[in-house]
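The values are calculated or read from the model by the stated rules, or taken from the named source; none is laboratory data. On a predicted model such as this, the values are computed, not experimentally measured, just so you know. Every residue, glycine among them, receives a Cβ derived from its backbone with ideal geometry; neighbour counts consider all protein chains shown.
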Amino acid sequence: MSNTQQGVPLCGTKQKQQQQQRDPGAGIEESLARIKHKFIVMSGKGGVGKTSTSVNLSLALADRGFKVGLMDVDIHGPDIPRMLGLTEMPGVTPERKMIPVPYSDNLSAISIESLSLSKDDAIIWRGPIKHTVIQQFIGDVAWGDLDFLIIDSPPGTGDEPLTVAQLIPGAKAIIVTTPQEVALADIRKSINFCKTVKMEAFGLIENMSGFTCPHCGKTVDLFGSGGGERTAKEAGLNFLGRIPFDTNMVTCGDSGISYQSEYPDSPVTKAFASVAQAMADLVG
């Protein structure tokens with residue numbers, strides 16, 4: 001069984017013993033003090049595009065000159081490295097902290113997939129181990145000074161988003177949905193999760209909102225329309241915008257290529273730029 005499967009995200013028995021001898025949250029406060037704004041991208045339902053949203057918001061912010069860290073806490077389905085085309089493992093500082101894998105001068109990322117010996121290994125962990133890994137992703141990673149930390153979470157309101165809410169005071173939620181009612185029903189659970197754990201819901205994004213046929217130019221609402229904005233209004237949340245469906249997003253994500261660099265003038269790129277601007281306005 002690999003180290004990753006056993007719940008040892010950092011390699012080596014000696015290193016594991018050193019970590020067990022100290023407070024596992026010792027470095028969290030120090031790391032968070034150097035990060036201005038923290039956002040968790042979440043959804044009550046899978047398949048709505050949380051990871052692509054996390055990646056593209058991070059790219060849009062980095063393109064605006066902000067220092068951005070992208071933390072993948074989707075432990076069982078980590079896709080951040082593949083979508084960014086990252087293949088190397090994190091480095092280690094002399095202080096034995098992990099160095100997040102760089103994508104560009106302004107963007108770096110950490111994910112359990114980057115620490116796995118095999119990308120096809122199943123991560124079979126219970127809640128306490130996942131909690132410890134997220135602690136390490138915050139306190140045992142040399143994030144440095146960041147304007148934004150974007151946290152990609154798995155679907156639902158379980159261990160991972162709860163751990164983020166507990167460990168990162170002041171984190172804000174960006175909730176992602178698609179327009180159809182079955183997704184919106186689960187999104188309302190995410191909104192109530194934020195209220196229960198006293199996490200600010202920064203706003204809601206309606207993803208996969210309309211598809212424009214490349215042949216005839218007609219727009220088709222594949223999953224309905226307007227449900228995200230209506231739900232945001234009913235819940236008193238900021239509606240951050242609609243992200244159109246574009247098959248090129250799928251191609252770029254599978255290839256580890258930046259969609260926004262390939263299609264800078266597309267409606268999708270402009271939509272992410274608009275959300276990034278709303279986030280950037282926090283910096284002042």
- helices (runs of 4 or more DSSP H) fully within region 215-266 counting 1 or more residues that are touching a Leu at 6+ places or on another chain (Cβ under 9 Å) and of a type in the set (Asp, Glu): 227-235
- Residues of region 260-282 satisfying the condition of being hydrophobic (A, V, I, L, M, F, W, C) and surrounded by 14 or more Cβ atoms within 10 Å (Cβ to Cβ): Val268, Ala271, Phe272, Ala273, Val275, Ala276, Ala278, Met279, Ala280
- Task: Give the residues of region 111-143 that are surrounded by 20 or more Cβ atoms within 10 Å (Cβ to Cβ), out of contact with any helix residue (DSSP H, G or I) (no Cβ under 8 Å at 6 or more places or on another chain) and among the charged types (D, E, K, R), sorted by residue number.
- Result: none
- Counted residues in region 262-275 being in contact (Cβ under 8 Å) with a residue 12 or more places away in the chain and farther than 11 Å from Pro244 by Cβ come to 5
- Message: Looking for something surrounded by fewer than 20 Cβ atoms within 10 Å (Cβ to Cβ) and of a type in the set (S, T, N, Q) - is there at least one such residue anywhere in region 154-172?
- Response: yes
- Message: Whether any residue in region 226-241 is out of contact with any Pro (no Cβ under 9 Å at 6 or more places or on another chain) and at pLDDT below 75 is what I want to check.
- Response: no
- Query: How many residues does region 81-102 contain that are in contact (Cβ under 8 Å) with a residue 24 or more places away in the chain and either in contact with a Leu (Cβ under 6 Å, 6 or more places away or on another chain) or over 19 Å from Ala142 (Cα atoms) (or both)?
  - Reply: 4
- Message: Looking at region 26-39, I want the residues that are closer than 12 Å to Leu167 by Cβ and have a partner that is loosely packed, with under 13 Cβ neighbours inside 10 Å with Cβ atoms under 7 Å, at least 6 apart or on another chain. Which pairs are those?
- Response: Lys38/Gly170
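Taking the criterion of being aliphatic (A, V, I, L, M), exposed (fewer than 14 other Cβ atoms within 10 Å of the Cβ), out of contact with any His (no Cβ under 9 Å at 6 or more places or on another chain) and within 20 Å of Ser52 (Cβ to Cβ), would at least one residue in region 248-259 satisfy it? If you could, list the steps in order and put the result at the bottom.
Kept after step one, since they are aliphatic (A, V, I, L, M), are these residues of region 248-259: 249-250, 257.
With the extra rule that they be exposed (fewer than 14 other Cβ atoms within 10 Å of the Cβ), the set shrinks to 250.
Those left that are additionally out of contact with any His (no Cβ under 9 Å at 6 or more places or on another chain): 250.
With within 20 Å of Ser52 (Cβ to Cβ) added as a condition, the list becomes 250.
Checked region 248-259: at least one residue is aliphatic (A, V, I, L, M), exposed (fewer than 14 other Cβ atoms within 10 Å of the Cβ), out of contact with any His (no Cβ under 9 Å at 6 or more places or on another chain) and within 20 Å of Ser52 (Cβ to Cβ).
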- What number of residues within region 103-115 are out of contact with any Leu (no Cβ under 6 Å at 6 or more places or on another chain) and not in a strand (DSSP E or B)? 7
- Message: Based on this model, can you work out whether Asn207 counts as over 19 Å from the mean Cα position of the chain (by Cα) and at pLDDT 90 or above?
- Response: no
- Please state which of the following conditions Lys189 fails to meet, knowing it meets all the rest: (1) part of a helix (DSSP H, G or I); (2) without any contact (Cβ under 8 Å) to a residue 24 or more places away in the chain. (2)
